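Down below is the structure, laid out as structure tokens.
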Amino acid sequence: MTVVSLLPRQRRTQADRSAATRARIINATLSMLQTEGYAATTIQRIAKAAGVSLGALQHHYPTKSLIMATVLRHYAVKRARIYRQALRLKVDPVTRIDAMMDAMWHMVTDGPDFIATVEIELARRSDPELRAATESVLARIDQFMTRWLARTAQPDTHFISLRLINSILLRGIAVEIARGTAVEDMEEAYALWRQFSRQELLKIFREDT
């Protein structure tokens, strides 16, 4: 017997529909950046991949640069969530550092997000409009992540340098993935770097406790 609900069907609000449209646009952009690169990721192709009209896309994001700035913010929120989950209840320096280093590896090797941000960052050098739209976004993200991971408003200069080197390494891994290098072939190299970085971070965190 078929049971028919007597409750009225709840209709989505305009805000819900707009949020769903923006999510489709961002997800389509992430996927296209990963597979086809920045130059091929045009607003026309993003609209088609997202299943929205060009007018609808430009209503939310008038320019390609604004889409890219939103992609960077989207990934920053996701990255903070990944770190927060990984570091949850990790109090002592050893388990906290191990969790942080594991999270770094998974962020760069799982999904399209990280390589998409690298594509955007590389494109900034030859695109003044993109550089202007993303400069403050990237600066705020970097400042927040550095302070949050260091757990202080004034991070140790050695920690800042180590985080910079880690970021450089992760971007390099993303480029290697884009070149077709198998993730498995880079695991040992990352393990070697992880051991060095772990030792250096332990020195800092133990001094602070």
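The values are calculated or read from the model by the stated rules, or taken from the named source; none is laboratory data. Just so you know, these numbers come straight off a predicted model, no measurement behind them. All Cβ positions, even for glycine, are placed from backbone atoms using ideal geometry, and neighbour counts span all protein chains on display.
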Counting only helices (runs of 4 or more DSSP H) entirely within the stretch 1-103, those with at least 3 residues that are touching a residue at least 24 places away in the same chain (Cβ under 8 Å) are 14-36, 54-60, 64-87
For a quick check of your reading of the model, give me the residue pairs whose first member lies in the stretch 176-200 and is farther than 24 Å from T95 by Cβ and touching a residue at least 24 places away in the same chain (Cβ under 8 Å), whose second is surrounded by 10 or more Cβ atoms within 10 Å (Cβ to Cβ) and of a type in the set (S, T, Y), with beta-carbon atoms closer than 9 Å and at least 6 apart or on different chains.
I177/T109; V183/T109
Can you find a residue in the stretch 155-163 that is among the polar types (S, T, N, Q) and either part of a loop (DSSP other than H, G, I, E, B) or under 14 Å from the mean Cα position of the chain (by Cα) (or both)?
no
One residue is enough: does the stretch 157-165 have a residue meeting the conditions touching a helix residue (DSSP H, G or I) at 6+ places or on another chain (Cβ under 8 Å), under 20 Å from A191 (Cβ atoms) and among the charged types (D, E, K, R)?
yes
E119 passes all but one of the listed conditions (1) surrounded by fewer than 19 Cβ atoms within 10 Å (Cβ to Cβ); (2) closer than 16 Å to L170 by Cα; the exception is number (1)
Could you please find all residues in the stretch 27-61 being at pLDDT below 95 and charged (D, E, K, R)?
E36
Yes/no for I120 being of a type outside the set (S, T, N, Q), over 30 Å from P62 (Cβ atoms) and in a helix (DSSP H, G or I)
no
